[in-house]
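The structure appears below as structure tokens.
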Amino acid sequence: MAAASLKLLCALLLVCISSGACQPCGPSSIQVDQHTTGRSQGFDLEFAVEVKNACSCAQSNVRVFAPGFASQKPVELALFRQDGTGAFVVNGGNAIPPGSTVNFTYWWDHATHFTPASAQPLCR
Ligand SMILES: *[C@@H]1O[C@H](CO)[C@@H](O)[C@H](O)[C@H]1NC(C)=O
């Protein structure tokens with residue numbers, strides 16, 4: 001009896017690990033880092049932003065909150081744009097592979113605070 005339930009537990013654990021379902025995914029697995037590049041123009045600094053998918057599965061529909069976000073120079077919209085819900089969609093909502101980053105730059109006189117809002121894990 002005990003041996004049978006132990007076997008079941010092991011099997012479940014294996015499925016869980018191999019499918020990636022045990023890994024933390026969703027917004028908590030989205031890491032947003034940014035740094036200034038050293039380039040500036042007038043009062044504006046160039047900021048390089050890296051949005052990393054730390055989940056072991058690809059994730060699509062990655063969205064972040066970026067209150068007050070603005071840029072003096074155009075931002076690559078395919079990578080980062082307002083989505084009409086108050087959040088910003090990363091990579092056009094397309095899947096970001098596990099461990100990959102999406103990078104974009106913006107120009108402003110101070111840094112925006114980015115907070116991961118949502119992400120849809122594509123674990124198989
Ligand atoms: C994003 O930037 C980081 C740091 O510069 C770099 O390691 C990474 O390869 C970049 N990713 C892409 C997709 O360009």
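Each row is one residue, and each column tells you yes or no for (1) within 15 Å of the ligand (Cβ to nearest atom); (2) basic (Lys, Arg).
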| site | (1), (2) |
| --- | --- |
| LEU77 | no, no |
| ARG81 | no, yes |
| GLY84 | no, no |
| VAL90 | yes, no |
| GLY93 | no, no |
| PRO98 | yes, no |
| THR101 | yes, no |
| ARG124 | no, yes |
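Those residues that are within 16 Å of the ligand (Cβ to nearest atom) and of a type in the set (Ser, Thr, Tyr), I need them from region 103-122; list them, please.
THR105, TYR106
Which members of region 28-48 meet the condition of being within 13 Å of the ligand (Cβ to nearest atom), of a type in the set (A, V, I, L, M) and over 11 Å from the mean Cα position of the chain (by Cα)?
Matches in region 28-48: ALA48 only.
Looking at SER71, SER56, which one is more than 16 Å from the ligand (Cβ to nearest atom) and in contact with a Pro (Cβ under 6 Å, 6 or more places away or on another chain)?
Working: SER71 fails: in contact with a Pro (Cβ under 6 Å, 6 or more places away or on another chain).
Of SER71, SER56, the one residue that is more than 16 Å from the ligand (Cβ to nearest atom) and in contact with a Pro (Cβ under 6 Å, 6 or more places away or on another chain) is SER56.
Read-outs: derived from the displayed coordinates by stated rules, not from any lab. All values derive from a computational prediction rather than experimental measurement. For neighbour counting, all protein chains shown are included, and Cβ atoms are generated from backbone atoms with ideal geometry for every residue, glycine included.
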